[in-house]
Amino acid sequence: MILWVRRGAAVWSGIFLMALLFSSGIQWGGMAGGILNLAWTMAEKFPSSLRRFLLPSALVINTIFSAYGVLSGGPVTWAVLAAGGSLLSWNAGLFSQRWPEASRPVQSRYLKRIGMVVALGLGAGLSALAFQGNLSLPFPLALWAMLVAGVLFLCLISQALPKATRKFP
């Protein structure tokens, strides 16, 4: 399950990165970013030494390409979505490296928590764009997004509070 989430996030990150770079006129960067993300989807097929190098470097290269695309005049919305997908794919890759034989309930619980964090991050990034005027949302959609983000934030805080108030010996 984690493997498919990692692959899907890498593919969507590549699509958003290519859209960003092609719209800003950097075709070579779009092709390089697409190829890198396709290699990222098949990282488990590579030898372990190359795989250890590929996962963090793909995240760094996606970040550099996103920043370059935005600075070249590309739409910032695509960069926010590419960053969210890259972080989700990288984090799922770390989970599968550390716990390759995790049970399905553990994977499901992890995906719920990381999904809430990614949703909060994307919501924060897109709301920042909306406040700047780069992204216009109709009022009902903006209200719904704010309510969902608030509920997700409260869920994250309520899970963290019992752990923080636990007494340590």
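Around ASN91, what is the net charge, scoring Lys/Arg as +1 and Asp/Glu as -1 over all other residues with Cβ under 12 Å from its Cβ? Net charge in that neighbourhood comes out at +3. In terms of its C-alpha gyration tensor, the chain comes out oblate, because a/c is 1.5 or above while a/b does not outweigh b/c. For the pair TRP28 and SER57 in one chain, pulling the backbone fully straight at 0.36 nm per residue adds 8.6 nm over the alpha carbon distance. Measuring r between the beta carbons of ALA142 and LYS112 and using R0 = 22 Å, the FRET efficiency lands at 0.30. Using just its DSSP H runs of length 4 or more, each adding -39500 (n - 2.57), the chain gives a mean residue ellipticity at 222 nm of -29000 deg cm²/dmol after division by all residues.
Every read-out reported here was derived from the displayed coordinates using simple, explicitly stated rules and does not represent laboratory data. Please read these numbers as outputs of a predicted model, since none were measured by experiment. All Cβ positions, glycine included, derive from the backbone under ideal geometry; neighbour counts span all protein chains shown.
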